[in-house]
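Structure, as structure tokens:
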Amino acid sequence: MIITVNLGEKTYDVVIEKGVFARAEKELNLNRRVLIVSDDGVPPEYAKALAEKCKSPVISVIKSGENHKNLETMQDLFKVMMDNNFTRKDCVVAVGGGMVGDLCGFTAASYMRGIDFYNIPTTVLSAVDSSVGGKTAVNFNGVKNIIGAFWQPKKVLIDVDLLKSLPQRQISNGLAEALKMALTFDKELVKTFQTGNPFECLEEIIQRSVQLKANVVEQDEKEAGLRKVLNYGHTIGHGIEIVSDGALYHGECVGLGMLCLSSEPVRQLLLPVLKKMNLPVTCNVDIEKACEAIKHDKKAGNGTISTIHVNEPGTFEMKDMTLEQLKERLETVVEK
């Protein structure tokens, strides 16, 4: 399946197909210098297999984890490209999860004021969410994604065969972001999560989630309005994620954040779905520290933070909330 993200001269395709990775050279322009970036949590054979398809490949394996999505790692990649004489005609390919994609996209956007970037997600989380849309960033001074740029990929390849070998916790982690898309835009997809087995419908869920996100990005590339809806669950979720210090995955935190900003009927719908996917419905974090992290949210301004609420499946409402109001919501998922 090919989903086209229509953005004028920045238009690109997302190819979702079993086995597409094996013919990457037919989908991507690899007849040049190619920086292949992966992390040490990704099977090394993925980067090696892609390198064999490139005219002049350079593989850079970075350390995994959000704490390595920073300017220091970015500088290391700049040095690798300079040492290997990369020019504006060359490209960067991310082979990994959202952390690798975010970092590579921002590196590509910055090197020589912008070079081509391809994304090959190897996690469900990055496949359904961060690989599409062009939001690239690094973390700085304890604040998530605070420095970055909008830089659209030239193409995205999603090979479901690369995802099925993931541990179940990683698959659940990604499905939380797909559930976010469903709850805000697609009540029929919500029913798939409720009545079906999400683990057996993985390809369908990825396709529908990517199509939903493409629709949003086409209408609002740089988050001036509608795209803010994609932050459902993230405002509180990011606060939880930062203070959990790696104990909780991103999607797990987003699921908790969604519970905080849903009507009671949606909350009652969410609880069994999250449990079915082995996602947490409570957490043990320092509330004050989490609120401090929330205070630095990019959507904060004039003493309030813009948040997304879901009162009915497939719908959303934007609300400005104070930090104290968000603290009260956060307390509903923190273990007493």
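The values are calculated or read from the model by the stated rules, or taken from the named source; none is laboratory data. Bear in mind the structure is a predicted one, so any value in this text is a computation, not a measurement. Ligands, DNA and RNA are stripped out before the accessible areas are found, and what is left, the full protein with its side chains, is counted by its heavy atoms. Shrake-Rupley method; radii C 1.70, N 1.55, O 1.52, S 1.80 Å.
With a ≥ b ≥ c taken as the square roots of the eigenvalues of the C-alpha gyration tensor of region 147-296, please select rounded if a/c is under 1.5 and otherwise prolate if a/b is larger than b/c or oblate if it is not? Cα axes put region 147-296 in the rounded bin. Average accessible surface for the chain: 42 Å² per residue, computed with a 1.4 Å probe over protein heavy atoms with every protein chain in place.
Computed in the context of the full set of protein chains, the accessible area of the chain at 1.4 Å probe radius has 48% of its extent on carbon or sulfur.
Expressed in units of 2.2 N^0.38 Å, where N is the residue count, the Cα radius of gyration of region 173-254 is 1.14. Give me log10 I(q)/I(0) at q = 0.16, 0.24 Å⁻¹ for region 86-193, Debye formula, one equal scatterer per alpha-carbon, no solvent. With no solvent term, the Cα-only Debye profile gives -0.75, -1.23.
Using a/c under 1.5 as the rounded threshold, could you call the chain rounded, prolate or oblate? The axes a ≥ b ≥ c are square roots of the C-alpha gyration tensor eigenvalues, and prolate needs a/b larger than b/c, oblate otherwise. In terms of gyration-tensor shape, prolate. The order of Glu9, Glu331 by accessible area, most exposed first and with a 1.4 Å probe, is Glu9, Glu331. Amide H to amide H, with H built 1.01 Å from N, Ser64 comes under 5 Å of Asp40, Gly41, counting only residues 5 or more places away or on other chains. Exposure check, 1.4 Å probe, all protein chains in place: Phe199 carries approximately 60 Å² of accessible surface.
Look at the Cα gyration tensor of region 1-146: its axes a ≥ b ≥ c give a/c under 1.5, and that counts as rounded.
For Lys48, a cut-off of 30 angstrom between C-alpha atoms picks up these lysines, skipping any fewer than 8 places away in its own chain: Lys10, Lys18, Lys26, Lys63, Lys69, Lys79, Lys89, Lys135, Lys154, Lys155, Lys164.
Excluding residues fewer than 8 places away in the same chain, name every one of the aspartates and glutamates whose C-alpha is closer than 13 Å to that of Lys327. Result set, ordered by chain and number: Asp286, Glu288, Glu292.
Measuring max minus min along each principal axis, the C-alpha atoms of region 47-124 give extents of 29, 27, 17 Å (largest first).
Averaging the Cα positions of each part gives two centres, and for region 245-308 and region 59-117 these lie 30 Å apart.
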